[in-house]
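Okay, structure first, notes after.
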Amino acid sequence: MKRKQDDIPRSALVPQSSPESERPRIPRAGEAGSDGPGSTGAAADVVRSVVLGNRLLFAPLAGIADPAVRVVARMFGAGPLMSEMVSAHGVARGKSKELVQQTGLVDLEHPLAIQLVGSDPLMMAKVAVMAVARGADSINLNMACPARKIVHGEKGSALMKDPPRAREIMVAVREAVQAPVTVKIRAGWDAESVNCVPFSVMAEEAGMAAVIVHPRTRAQGFSGRADWSLIGAVKDAVRIPVVGNGDIRTPDDAARMVETTGCDAIMIGRGALGRPWLFRQVGRRLGWEVPPVQPPPQAEAAVGGTEAIDLDAAEAGVRTELARLIRLQVGLALRYKPELLVVNEIRKHMIWYSKGMPDSAKFRAKVHTANDVPALWALVDEFFRDV
Ligand SMILES: Cc1cc2nc3c(=O)[nH]c(=O)nc-3n(C[C@H](O)[C@H](O)[C@H](O)COP(=O)(O)O)c2cc1C
């Protein structure tokens, strides 16, 4: 079934990396200019611009999509970015490292959502205030994570089994911050309790600015297929924007999701790993505006000069350009993380970038031998050179 797509006014598109002073101010509930969730006024446009932007969202991926990775995705057209999940309990107890790290490149990431996971409404509200103070443009509530240690604490997707508690969290956070608050959910807990539709209606009533639907149950984890028909069912039930997520690997997948569900925006995670250009490819396929973004000047030294990354060449798989992209990503990460951690974390990205190339198996075997940045550069220069 082909569905009508809501048009987002061009004026609502946020300029990438807009400076603090130019960032749109979101009116508080009840304040002049605030017209509440689901409305169509100017304030709703501002909320849409922060939450949906160019409608191509990069999914939160804990342990993978750190600020440096997100900035690279942004260069290739990803719109609003979202942090890895941050434990509200940890931050509220004084362990603010996670929050500090997730906002390490906040100046380059606007619009950025900080995603919080937790079960205590007051703690979530307190940490949401801290996140906004550190530059978050919106707050996302994680009610989707299936990990055992998360759901055992009545957090993440466990909240889909406890809508009253979930609602309390939504209301507490919504009342604590001026920034828009969104929620990321699953289909439900298991096949017998698929409740994403009534849960989304509740989220709308609780003041959420948008709902992001990853339509797998908690029981499915990341296996099986995401049931996109549930995204369409949620879209039919609420007036707030609906973001569809799950299993988009190609521009055609993205087009199919938009056509069959009518979702307002899409969110892509695993499909963009080692292929950040997927965002611009999807933008082209859907005719959605994807302004090219140059690497931030602060990071140029990391790629050994002032020449911008050639996005077309990187997309075409030109190895020397991929080497520059990896250097840029490492340079960005070194701005806020220790070297050893950066080196450990970049390895999996290098493997993703090398996927499908001749000799990539040999490269994979060697990647783990690099323990510092010079060793890393030697490997990168050896493998990612024109052949
Ligand atoms: C390694 C990994 C880490 C993830 N971390 C988060 C997270 O921190 N917060 C969250 O809401 N979802 C997380 N997700 C779920 C993704 O955001 C996304 O919903 C899911 O991967 C489906 O989208 P995709 O098929 O485009 O990857 C994670 C998924 C994976 C595979």
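Every number in this text was worked out from the coordinates using simple rules, so none of it is lab data. Model, not experiment: these values are computed from the prediction. All Cβ positions, even for glycine, are placed from backbone atoms using ideal geometry, and neighbour counts span all protein chains on display.
Mean residue ellipticity at 222 nm, helices only, the chain: -12000 deg cm²/dmol; runs of at least 4 DSSP H residues each add -39,500 (n - 2.57), and the sum is divided by the number of residues. Dimensions of segment 322-387 along the principal axes, based on C-alpha atoms and rounded to the nearest Å, stand at 34, 20, 18, largest first. The simple spin-label model puts a point 7 Å past each Cα toward its Cβ; for ARG148 and ILE351 those points are separated by 2.3 nm.
Stretched out straight at 0.36 nm per residue, the stretch from ALA237 to ASN344 would grow longer than its current Cα-Cα span by 34.1 nm. Using r as the Cβ-Cβ distance of GLU175 and PHE222, and R0 as 30 Å, what FRET efficiency do you calculate, to the nearest 0.05? It comes to 0.35.
Scoring 252-261, 239-248, 60-69 by mean Cβ neighbours within 10 Å over their residues and listing the highest first yields 239-248, 60-69, 252-261. 3J(HN,Hα) couplings calculated from phi for segment 182-191 with the Karplus curve 6.51 cos²θ - 1.76 cosθ + 1.60 (θ = phi - 60°) are, in sequence order, 10, 9, 10, 10, 10, 5, x, 6, 8, 4 Hz; Gly and Pro show x.
Computed over the chain, the P(r) tail beyond 34 angstrom holds 25 percent of alpha carbon pairs. Of all beta bridges that DSSP places with both ends in the chain, some 5 percent have antiparallel geometry. Shape summary of segment 128-243, radius of gyration then Dmax from alpha carbon positions: 13.6, 41 Å.
Any idea what angle helix 319-333 forms with the longest principal axis of the chain, computed on alpha-carbon atoms, 0 to 90 degrees, nearest 10? Roughly 60 degrees, rounded to the nearest 10. Its alpha carbons give segment 237-286 an Rg and a Dmax of 10.9, 36 Å.
Taking the longest Cα principal axis of the chain as reference, the axis of helix 373-383 is set at about 80 degrees.
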